[in-house]
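The values are calculated or read from the model by the stated rules, or taken from the named source; none is laboratory data. Remember, predicted model here, so these are calculated numbers, not experimental data. No Cβ is skipped: glycine too gets one built from the backbone with ideal geometry, and neighbour counts run over all protein chains shown.
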């Protein structure tokens, strides 16, 4: 291992259209959101591996010699991951004292890290320190765990020299080849399996590839060329259970099948019409009419999500506050609170954005001005990162 | 003509489900609303015919001898009306000085009255005075013109003895036989044609038969046995053009056919599911779960109407204010403002109703506590009317 230092970042994700109906076999559009997770990997000579997660006040280290025995029966090595090694995971749970029913953020982050580190470096455990810091809130349906796993995989694979270092001295940021991204994505998916049990793979795919992805009946297709769109991302901070919401929708479909099935059809058509519009925007340049269509589709889908019963008064407030300024919003993800997105138009005045953000904050919401469709996982030179981010990553 | 005095009343209508989608061949449910139009017909010896419409400050009379020439070429007489006599209508417009492009309430009311009077009494014009007073606001999509035409037809046909007088000394109110109601309905439809040009016939059918009617692809079917439901009827008083709203929905369907056509399907299913539920309520007695279903269907349809683009912030306010008290509302009719209905449950506390009505009034809305599914046109004994109504009808 030559690498002394690697910086990487990966974006979060939002569902642009198709949440819930995707569960019933319909088309969904997921997209990267440019709130990113940043990671610094540094080689050390301490004979230990260390991870610093300042967002969740977690600073842990393990001696390499203590970790080595965990790999006693391990047959993997630096191969292409396809299945989770559940024996190794079980040994890791025992080693860390994390029980089977622990699902808290810290426990999951530690397990995913140790598993990924051990399996990638199985042949020779390296002394390294990782610091991960994220702009993404956790548990808000924004794919924070996927961004974490993608960063871990990219940095560890890069340090292990399983993938190249795409940075050249002229570049501040760079991404990997298609094949290397596929490898990063597969490793990140293992981490997602550890954290979520049975994830769809959409979150890690979005965080890896960036841009828009079409998700339909288990197959994930990145959209080839689409615009980056400015949005407000609002977290109502109203807690909700995705499981309860998903099962509520299912119950409603069973109760009113003739009423609800056409609604799922319509949502699917919203996703497809949106995809078409994005493709046209990329091909011919975005026009005001394109934005009108995107806004209309946002409104339609928000009403459909209300029909499914996954709306919430906090999301109604978001829609009302933004619409009062001509901006269109919908929930993103599970609903019942959680997050919403508001499309900004190219001509939307900064003062309008500012006053909207302020009013949303007085409603008790978190609100970020950001963009969707941003690049996926990237390697950065230190001058490719903002000073604020660099300062955090370098403090540990 | 023996009759010295006839009192009749007829209800308004609301669309319970299916407004707009009915234009595109889907099922709609219309229902009588128990805000009524009342009519008193009195025989006189003045050799003139007089109509008093205190709601619109209209008090007019014509000498019989002046009206007689209008029937010079009239071949009809007291027959079953099938087609509008456009020659007679033209002569009436000349006689009254009401131009072809006049569509104001007063002009339309006068034309419909004179036409109905002349055609029913063609063989021998009677000296009578009619006073019509209505609880229904005009131009609010509540079928006020239909209630007016149904009252006119019922009273005039009754005075002309073309239909019986169903009242017996023991009864305060009574209705006519099926055949007589059909005759009243057909005459009222002529009046509707005069006022609206090309009406669907739903409004006069609801006002004649009362209860719920299923309307699908031009055919109108009264539902045989359904419950009377308590509602709040709210008039946001936001003016709107039905024509513009209908054409906006059409444009949206053309713009997003794959998105919008399933929405129309879903609305149609809402109407059918509602009809099923009402039938069950009548058959087995209403349960709390029946009311839950009716509420869910109201919410779903209101979202669908928003998808069609016929919502309005005033209607959002109505929904929010009522939902804050656990009550469910939807727009009724054209939308874009206009009227909304709020379902009341049997257990809804009077204090809740009162505070809701008060808050809606502070929003600038008119609001009535009334019921839907009430009887259609009726004849009344004078003691079958409230003193307030009687006082108004007897003041002229």
Select, from A:201, A:197, the only residue that is farther than 29 Å from residue A:321 by Cβ, buried (at least 17 other Cβ atoms within 10 Å of the Cβ) and free of Cβ contacts under 8 Å to residues at least 60 places away in the same chain. A:201
Can you tell me which residue in the stretch A:296-323 is surrounded by the most Cβ atoms within 10 Å (Cβ to Cβ), limited to those that are more than 9 Å from every other protein chain (Cβ to nearest Cβ) and outside any helix (DSSP H, G or I)? A:310
Could you go through the stretch A:326-338 and let me know if any residue there is more than 29 Å from residue A:222 (Cβ to Cβ) and within 14 Å of chain B (Cβ to nearest Cβ). yes
Go through the stretch B:326-347 and report how many residues are touching a strand residue (DSSP E or B) at 6+ places or on another chain (Cβ under 9 Å) and over 25 Å from residue B:312 (Cβ atoms). 2
Which of (1) touching a residue at least 24 places away in the same chain (Cβ under 8 Å); (2) within 26 Å of residue B:262 (Cα to Cα); (3) surrounded by 19 or more Cβ atoms within 10 Å (Cβ to Cβ) is the odd one out, the single condition residue A:216 does not satisfy? (3)
Taking the stated definitions as given, is residue B:249 within 12 Å of chain A (Cβ to nearest Cβ), surrounded by 19 or more Cβ atoms within 10 Å (Cβ to Cβ) and in contact (Cβ under 8 Å) with a residue 40 or more places away in the chain? no
When you look at residue A:234, is it assigned by TED's automatic domain parsing to the domain that holds residue A:37, farther than 21 Å from residue A:21 by Cα and modelled with pLDDT of 90 or more, yes or no? no
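Conditions (1) within 30 Å of residue B:303 (Cβ to Cβ); (2) assigned by TED's automatic domain parsing to the domain that holds residue B:137; (3) not in a strand (DSSP E or B), marked per residue:
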position	(1), (2), (3)
B:9	no, yes, no
B:16	yes, yes, no
B:19	yes, yes, yes
B:26	yes, yes, yes
B:31	yes, yes, no
B:61	no, yes, no
Is it true that residue B:331 is at pLDDT 95 or above, crowded, with 22+ Cβ neighbours inside 10 Å and in a helix (DSSP H, G or I)? no
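Condition check ((1) part of a helix (DSSP H, G or I); (2) more than 19 Å from residue A:20 (Cα to Cα); (3) over 19 Å from the mean Cα position of the chain (by Cα)) across all residues:
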residue	(1), (2), (3)
A:139	no, no, no
A:165	no, yes, yes
A:168	no, yes, yes
A:182	yes, yes, no
A:190	yes, yes, no
A:194	yes, yes, no
A:199	no, no, no
A:221	no, no, no
A:244	yes, no, yes
Across the stretch A:258-287, the tally of residues that are in contact (Cβ under 8 Å) with a residue 12 or more places away in the chain, away from every other protein chain (no Cβ under 11 Å) and either surrounded by fewer than 20 Cβ atoms within 10 Å (Cβ to Cβ) or in contact with a helix residue (DSSP H, G or I) (Cβ under 6 Å, 6 or more places away or on another chain) (or both) stands at 6
Kindly indicate whether any position in the stretch B:94-110 is under 20 Å from residue B:6 (Cβ atoms) and touching a residue at least 40 places away in the same chain (Cβ under 8 Å). yes
Out of all the residues in the stretch B:348-371, which are in a strand (DSSP E or B) and touching a helix residue (DSSP H, G or I) at 6+ places or on another chain (Cβ under 9 Å)? B:366, B:367, B:368, B:369
